[in-house]
């Protein structure tokens, strides 16, 4: 993609800025918003008219969030008002985008309010594209997804990579492929589908050793034949387990760590877990598995993998890790880590 940093900006240009404002609770929860501020300030300062499109996470009931408070926050950080339009499609949205004045920024409604966003509905992409004439692609947290506000927009309008996106990609540069001169280990976990479908496949081809956790590990255990009961398997469990089986069939014995001991606990219905207990999984007996009503919440790292980690630390190898925090708090039993 062309780079926004190299593009001459001028007053009156109509830009759609595609962001990924994943706002989390607690300290640092607005980090994904803050990383886009410099790009937005540069566009606005040059007199560009900016229609800001973003998704944000969902409520506990699965419904998409509204973004009015986020517009107030952006205005405070940028030092200029940021209008909020609760819709992002339809005649009202198009009229609001057309009415933007030089240097003005408007935040449009959460793109996840539309069912077609995450399946890259072409008609929805056309609606989004009506808000501007050029696309600045930020949103590192979502730019890799085939959504209507990313891939769909770029198929309809010329696009430039925002500095925020380039900066994140540059930071990942040293981990972008296998380096035969350095031993490398990837630790990957989480609950999302792409952690299995994309992460596991790509990391397996780029790292000497992959240590899976979370839904990635659960899918691999299920693919090996172990019952996993209530363990998280991602958004599309059947597809995720299918991919995990393909990875298992292709992986070298020392390239993929699968534990022989896991911690299991009962989900408490509110996102936490009860007290954890340890369970052995014999790889020679795939019918060994998680008891009904329980889920995998942790695992023990085998000695050979610990030795590999020692080798990595001692030899200055490449390290990449993205794992969720262990469940903590009342009723969760706390972290059950033994490694």
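Every number in this text was worked out from the coordinates using simple rules, so none of it is lab data. The model shown is predicted, which means the values in this text are computed figures rather than measured ones.
Quick notes on this one:
- Cα-derived Rg to Rh of the chain, Kirkwood definition: 1.02
- Rounded to the nearest 5, the antiparallel percentage of DSSP beta bridges internal to the chain is 25%.
- By the Stokes-Einstein formula, at 0.692 mPa s and 37 °C, the stretch 177-322 with its Kirkwood radius over alpha-carbon pairs has D equal to 211 µm²/s.
- A helix-only calculation puts the chain at -8000 deg cm²/dmol for mean residue ellipticity at 222 nm, using -39500 (n - 2.57) for each DSSP H run of at least four residues, averaged over all residues.
- Applying 0.36 nm per residue to the separation of residue 192 and residue 250 and subtracting their alpha-carbon distance, the gain on full extension is 18.6 nm.
- Prolate/oblate/rounded label for the stretch 2-170 (Cα gyration tensor, a/c 1.5): rounded
- DSSP finds beta bridges in the stretch 1-147, and of those with both partners inside it, around 5 percent are antiparallel.
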